[in-house]
């Protein structure tokens with residue numbers, strides 16, 4: 001989903017994005033959990049839609065000479081070629097930077113791989129759970145304490161972060177191509193993007209090569225930068241590392257007696273008694289629900305956030321205020337909400353330009369625009385080169 005997500009962002013920004021699929025369609029179609037909806041939207045692939053909305057789809061057999069020729073001919077007129085094929089496969093189909101530059105010297109050639117195009121493992125296929133979360137150290141760093149199990153990532157988290165990284169490279173490369181008249185080759189990988197998301201850790205680890213301390217809740221450095229359950233089972237997260245926050249927090253949640261405890265007078269004291277402190281705060285917060293605590297936290301100027309469930313975020317007033325879930329109009333299925341890309345430009349209409357296409361929905365249209373006659377398109381259909 002990393003490459004397609006980058007294409008979806010470009011489509012939201014206004015680009016004409018042509019999605020090249022195999023004759024059977026992108027293998028990610030209809031693989032996610034179905035949405036619990038009824039009516040005309042029942043069975044619609046909302047997950048695929050997020051990464052492919054606003055695009056035009058052509059279905060091409062790349063393994064045939066004619067199919068590869070078609071894609072290369074489209075690249076000859078394009079500004080950007082965005083690809084998630086491994087370099088070896090790009091060369092097999094004649095879609096590598098050197099080959100495409102012969103017909104289009106100003107082309108921006110952009111690639112997402114699992115681990116990078118160089119090095120001993122450039123051949124290795126990568127998914128976000130393996131290359132982004134696993135190989136980068138992120139899974140290990142997120143374990144709960146020294147004995148915690150490896151957590152489970154939500155779908156395509158790494159893909160979407162990597163897609164954003166590639167888009168930033170593409171936009172910079174477009175600027176360079178315009179200024180110099182020379183095409184550019186852009187690349188990122190799931191592995192690289194994941195390491196960058198952990199740059200705060202790696203800034204230290206790259207220097208000392210020491211293992212990162214994985215801290216459980218009862219092992220945190222300060223009690224005012226931790227996560228706690230409320231009385232209704234919902235969780236809240238605090239991030240107040242400064243000394244002054246300790247008194248504010250105690251007066252807020254009704255644990256003023258802890259302020260006079262001789263064992264808890266300094267940050268070091270509290271660190272050495274963290275397990276007992278966390279239990280005491282857990283007990284205090286159990287007196288109210290998360291929604292009851294919220295105004296109280298705000299009154300005492302605590303820096304906190306609710307650990308919302310996904311279905312709660314969709315109805316969050318703040319999400320609504322910033323238009324985080326725009327509506328897409330589907331000509332057959334009706335209206336539905338999707339997810340906005342995390343950027344805004346004042347005065348620019350950034351957002352979904354329409355739903356994801358069906359497999360090969362625009363094959364004839366795109367090839368016709370490229371100059372192929374109706375007879376030539378029909379022959380390709382008859383030969384099984386396109387669908």
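Just so you know, all these numbers are worked out from the coordinates, no wet-lab data involved. This is a predicted model, so every value here is computed, not measured. When we count neighbours, we look across all protein chains shown, and the Cβ atoms used for this are built from the backbone with ideal geometry, even at glycine.
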Check your understanding: Between the helical axis of 374-383 and the dominant principal axis of the chain, each derived from Cα atoms, what acute angle in degrees is found, rounded to the nearest 10?
Key -> 70
Exercise for review: Compute the acute angle (0 to 90°) between the alpha-carbon long axis of helix 244-253 and the principal axis of greatest extent of the alpha-carbon atoms of the chain; round to the nearest 10°.
Suggested key: 80
Revision key, fill the gap. Using alpha carbon centers only, the stretch 29-90 is separated from the stretch 106-135 by a whole-angstrom value of 19
Point to revise | Contact order relative to length of the stretch 198-329, as percent, for alpha carbon pairs under 8 angstrom and 6 or more apart | key: 29
Check your understanding: What order, most packed first, do the peptides 210-223, 189-202 have when packing is the mean number of other Cβ atoms within 10 Å of each residue?
Key -> 189-202, 210-223
Exercise for review: Report which label in (1) 4, 18, 20, 18, 18, 14, 6, 1, 0; (2) 4, 18, 25, 22, 15, 9, 5, 1, 0; (3) 4, 16, 21, 22, 18, 12, 6, 2, 0 holds the value of P(r) over Cα pairs in 10 Å bins from 0, in percent derived from the coordinates of this structure.
Suggested key: (2)
Check your understanding: Which whole-number percent gives the relative contact order of the chain, counting Cα pairs below 8 Å spaced six or more residues apart?
Key -> 22
Check your understanding: Using a basic spin-label model with each label point 7 Å from the Cα along Cα→Cβ, how many nm lie between residue 28 and residue 288?
Key -> 4.3
**Study point:** Order of 235, 246 - criterion: other Cβ atoms within 10 Å of each residue's Cβ, fewest first
**Key:** 235, 246
Practice item. Express as a percent, rounded to the nearest 5, the fraction of DSSP beta bridges in the chain (both residues included) that run antiparallel. Key: 45
Review point. Rounded to the nearest 500 deg cm²/dmol, what is the calculated helix-only ellipticity per residue at 222 nm for the chain, with -39500 (n - 2.57) per DSSP H run of length n ≥ 4?
Key: -11000 deg cm²/dmol
Revision key, fill the gap. Simple SL model, points at 7 angstrom along Cα→Cβ for residue 370 and residue 276; separation in nm is 7.3
Exercise for review: Working from Cα positions, state the angle (0 to 90°, nearest 10) between the long axis of helix 274-285 and the longest principal axis of the chain.
Suggested key: 90
